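A.B. asks: Here it is, the structure, as structure tokens.
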Amino acid sequence: MEVRSTEPRRSARILLVEDEAIVRKDLEMLLEAHGHQVIGACASQEEAITLCEELRPALVLMDIQLRNGGSGIDAAHVIRERSGTPVIFISANSDAATLSRARLAVPHTFITKPYKSVDVLAAVDVALYNHDRHLNVVHQRDRLLGILTGKDGNASLFIHQKDREEGIPLRDIQYVEALKDYVGIHVKERRYVVHSTMNEMEQRLPADAFLRVHRSYIVRKDKITAVAGPDLIMEKQEQVIPIGVRYAAQVRQKLAIDRNQL
């Protein structure tokens, strides 16, 4: 049943990746009839990646099997890593193996062919809504994890704890550890848990005072009391922090450690 034209939750700039010309045209007409703008269309993995970088769409509607070259799943992986643009898969292949591969690309949803117009429009609106909400969470997280310098010249990392923002003096932080979707900030005998990633924390903390020593650990350099083989011993708590193999050279350089010690 054809869906009547109604105003979407918000209009969006959409990239279509579909190798069947008839299907591509049908989707384009459907989306534009409901207020969206199809800013580009292509039929191969390489074109999908290139156009996504050039046009910066709000959403990509992607076929999985691309006869003109490559795979929609592989394209979605690259797009997710480079820009985080939401992707909706649309495909006639819905077997268990295909769905299993598709899930690894973390699409916003999966639509099977032949599709219903109402399902496509609903999927687009839900994907846009969820992505907007995700961006709002990221924005809130960025705002809360700011570093401010007080009148005394001492800088603090501000985090959200329950119903307030709390400042942690950078000089008091001993180390930061990864906790899945969160990080633990260790300060003397207390640990603060906040929603962030190690890469984000590494970018925020001043490089002259903090050092990434492992994929799961960032330490404050002046809190290190000893180097014991492949480990660092931290101040007071004598917490042992492992040094990751890929970070060993950087640790040697930053801490002026002899090569034979790591």
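A.B. asks: In the stretch 235-250, which residue that is closer than 16 Å to Tyr175 by Cβ and modelled with pLDDT of 90 or more is farthest from the chain's Cα centre (by Cα)?
C.D. replies: Result: Val240.
A.B. asks: If you go through the stretch 218-250, how many residues are touching a Leu at 6+ places or on another chain (Cβ under 9 Å), part of a strand (DSSP E or B) and over 21 Å from Ala155 (Cβ atoms)?
C.D. replies: Of the residues in the stretch 218-250, 7 are touching a Leu at 6+ places or on another chain (Cβ under 9 Å), part of a strand (DSSP E or B) and over 21 Å from Ala155 (Cβ atoms).
A.B. asks: Tyr182: among the aromatic types (Phe, Trp, Tyr) and either at positive phi or modelled with pLDDT under 90 (or both), yes or no?
C.D. replies: yes
A.B. asks: State yes or no: is Thr112 more than 17 Å from Leu15 (Cβ to Cβ), hydroxyl-bearing (Ser, Thr, Tyr) and at pLDDT below 90?
C.D. replies: Details: more than 17 Å from Leu15 (Cβ to Cβ): yes; hydroxyl-bearing (Ser, Thr, Tyr): yes; at pLDDT below 90: no.
No: the conditions fail for Thr112.
A.B. asks: Oh, and also: Say whether the condition of being buried (at least 17 other Cβ atoms within 10 Å of the Cβ), among the hydroxyl-bearing types (Ser, Thr, Tyr), closer than 17 Å to Leu16 by Cβ and in contact with a strand residue (DSSP E or B) (Cβ under 8 Å, 6 or more places away or on another chain) is met by at least one residue in the stretch 116-139.
C.D. replies: Within the stretch 116-139 (the criterion being buried (at least 17 other Cβ atoms within 10 Å of the Cβ), among the hydroxyl-bearing types (Ser, Thr, Tyr), closer than 17 Å to Leu16 by Cβ and in contact with a strand residue (DSSP E or B) (Cβ under 8 Å, 6 or more places away or on another chain)), the answer is no, since none of the residues qualifies.
A.B. asks: Val118 is checked against (1) within 23 Å of the chain's Cα centre (by Cα); (2) in contact (Cβ under 8 Å) with a residue 60 or more places away in the chain and fails just one. What number does that condition carry?
C.D. replies: (1)
A.B. asks: What number goes with the only condition from (1) modelled with pLDDT of 85 or more; (2) in a loop (DSSP other than H, G, I, E, B); (3) aliphatic (A, V, I, L, M) that Ile257 does not pass?
C.D. replies: (1)
A.B. asks: State all residues of the stretch 38-50 that are surrounded by fewer than 21 Cβ atoms within 10 Å (Cβ to Cβ) and not charged (D, E, K, R); if no residue qualifies, say none. Break it down into steps so the answer makes sense when it comes.
C.D. replies: Here is the first cut: in the stretch 38-50, the residues surrounded by fewer than 21 Cβ atoms within 10 Å (Cβ to Cβ) are 38-41, 43-44, 46-47, 50.
Scanning the stretch 38-50 gives Val38, Ile39, Gly40, Ala41, Ala43, Ser44, Thr50.
A.B. asks: What's the total number of residues in the stretch 102-115 that are basic (Lys, Arg) and either surrounded by 14 or more Cβ atoms within 10 Å (Cβ to Cβ) or in a loop (DSSP other than H, G, I, E, B) (or both)?
C.D. replies: Final tally of qualifying residues: 1.
A.B. asks: Filter the stretch 71-97 down to the residues that are outside any helix (DSSP H, G or I) and either over 15 Å from Leu16 (Cα atoms) or among the hydroxyl-bearing types (Ser, Thr, Tyr) (or both) and list them by number.
C.D. replies: Ser71, Ser83, Gly84, Thr85, Ser91, Ala92, Asn93, Ser94, Asp95, listed by residue number.
A.B. asks: Quick test for you: out of Val194, Val219, Val213, pick the one residue that is in contact with a His (Cβ under 8 Å, 6 or more places away or on another chain) and in the same structural domain as Leu157 (by TED's automatic domain parsing).
C.D. replies: Criteria check complete, one pass: Val194.
A.B. asks: Moving to a separate point now. Within the stretch 227-245, how many residues turn out to be of a type in the set (Gly, Ala, Ser) and closer than 15 Å to Leu211 by Cβ? So that I can check it myself, show each step before the final result.
C.D. replies: Let us first name the residues in the stretch 227-245 that are of a type in the set (Gly, Ala, Ser), namely 228-229, 244.
After this cut, where a residue has to be closer than 15 Å to Leu211 by Cβ as well, the list is 244.
So the answer is 1.
A.B. asks: So, in the stretch 172-209, how many residues would count as being in a strand (DSSP E or B), free of Cβ contacts under 8 Å to residues at least 24 places away in the same chain and surrounded by fewer than 21 Cβ atoms within 10 Å (Cβ to Cβ)?
C.D. replies: The total comes to 7.
A.B. asks: Going through the stretch 156-190 one residue at a time, which ones are acidic (Asp, Glu), under 22 Å from Ile224 (Cα atoms) and over 23 Å from the mean Cα position of the chain (by Cα)?
C.D. replies: The answer is Asp172, Glu189.
A.B. asks: Continuing with the same structure: Of the conditions (1) in contact with a His (Cβ under 6 Å, 6 or more places away or on another chain); (2) more than 24 Å from Ala122 (Cβ to Cβ), Asp74 fails just one. Which one is it?
C.D. replies: So Asp74 meets the others, but not (1).
A.B. asks: So, one more: Out of (1) loosely packed, with under 14 Cβ neighbours inside 10 Å; (2) at pLDDT 90 or above; (3) not in a loop (DSSP other than H, G, I, E, B), what's the single condition that is false for Leu148?
C.D. replies: Of everything listed in (1) loosely packed, with under 14 Cβ neighbours inside 10 Å; (2) at pLDDT 90 or above; (3) not in a loop (DSSP other than H, G, I, E, B), Leu148 misses just condition (2).
A.B. asks: Among the residues of the stretch 211-250, which ones are of a type in the set (Ser, Thr, Tyr) and farther than 17 Å from Ile185 by Cα?
C.D. replies: Scanning the stretch 211-250 gives Thr225, Tyr247.
The values are calculated or read from the model by the stated rules, or taken from the named source; none is laboratory data. This is a predicted model, so every value here is computed, not measured. Please note: Cβ atoms are built from the backbone with ideal geometry, for glycine as well, and neighbour counts cover all protein chains shown.
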